[in-house]
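First the structure, in the form of structure tokens, and then the observations on it.
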Amino acid sequence: MSFAGLRGWVFDLDGTLTIHQHDFPGIRSKLGVPPNQLILEYLASLPAAQASAKRTALDAIERDLAGNARPADGARAMLEALTANGHDVGIVTRNTKANALLSLNQIGLSDLVNADHVFGRDDGEPKPSPSVLFHLAAAWQLDISHCVMIGDHLLDLETGRNAGVMTIHVDPTGTFSWPDMSDHCFVSLTEILDHLERHLETNLER
């Protein structure tokens with residue numbers, strides 16, 4: 001599918017709409033999560049009381065990070081262009097919804113994203129489950145094929161693949177570690193927007 005057919009744009013938040021700041025090895029260490037294990041999945045394997053305490057600690061760590069979030073290059077221009085031209089925008093994050101809304105406010109994007117279309121880890125099965133993407137497509141009255149998943153991590157790309165939608169990997173380093181999972185690779189949201197403006201039949205309004 002060409003970019004021209006896309007109407008529902010689903011973004012990861014941390015490291016995609018914001019500048020990457022999460023030290024996941026450090027967070028794992030603080031929480032006692034074994035190296036290279038997914039944090040949420042490990043916590044889900046623990047006894048309820050132990051898991052609850054660690055989730056509370058994780059929420060606090062990520063809340064502090066959300067309060068210091070900074071926008072990624074091109075984040076506002078990208079969302080302004082999409083919303084001005086009638087495209088739907090959603091966010092799917094493995095953070096909490098409360099922290100996600102705090103981050104959006106901190107980076108000055110809360111006016112461009114409907115809070116009902118922001119989904120955190122407690123609002124459904126976390127990524128890489130595609131369930132929230134299907135929920136968003138239904139809410140937007142779109143066929144899932146007209147949606148796209150944009151993110152900086154393998155979990156984002158896996159989510160898109162699991163939903164059968166186009167995947168866009170954003171990596172400011174230009175390394176692009178998962179080419180087999182990515183339909184398109186860009187170093188910034190600004191580069192994505194430039195690509196859109198060149199390829200859509202009607203240029204997006206800036």
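Placing +1 on the Cβ of every Lys and Arg and -1 on the Cβ of every Asp and Glu, with no other charges, gives the chain a dipole of roughly 600 debye about its Cα centre.
Suppose a student asked you for the relative contact order of the chain, using Cα pairs under 8 Å spaced at least 6 residues apart; what percent would you report? RCO, the chain: 25 percent.
In order along region 146-161, the Karplus-derived 3J(HN,Hα) couplings, from 6.51 cos²θ - 1.76 cosθ + 1.60 at θ = phi - 60°, round to 9, 10, 9, 10, 10, x, 9, 10, 4, 4, 5, 5, 5, 4, x, 4 Hz, and Gly and Pro are given as x. Shown for the chain is the translational diffusion coefficient from the Stokes-Einstein equation, using the Kirkwood radius over Cα pairs, a temperature of 10 °C and a viscosity of 1.306 mPa s: 92 µm²/s. Net charge of the neighbourhood of ILE19, taken over other residues with C-beta under 14 Å away and scored Lys/Arg +1, Asp/Glu -1, is -4. Close amide H pairs (under 5 Å, H built 1.01 Å from N) link VAL118 with ILE91, residues at least 5 positions away or on another chain.
Each Lys or Arg adds one and each Asp or Glu takes one away; over the other residues whose Cβ falls under 14 Å from the Cβ of ALA163, this sums to -4. Cross-link partners for LYS97 among the lysines, with Cα-Cα distance under 17 Å and sequence neighbours closer than 8 places in the same chain left out: LYS127.
Over all orientations, region 1-45 has a Cα convex hull whose mean projected area works out to 5.2 square nanometres. Rounded to the nearest 20 debye, the dipole size of region 24-66 about its Cα centre is 100 debye, using +1 on the Cβ of Lys and Arg and -1 on the Cβ of Asp and Glu. Peptides 30-40, 135-145, 3-13, 78-88 ranked from most to least packed by the mean count of surrounding Cβ atoms within 10 Å: 3-13, 78-88, 135-145, 30-40.
Values quoted throughout were computed directly from the atomic coordinates according to the rules given, and no laboratory measurement underlies them. Values in this document were obtained by computation on a predicted structure and should not be read as measured data. All Cβ positions, even for glycine, are placed from backbone atoms using ideal geometry, and neighbour counts span all protein chains on display.
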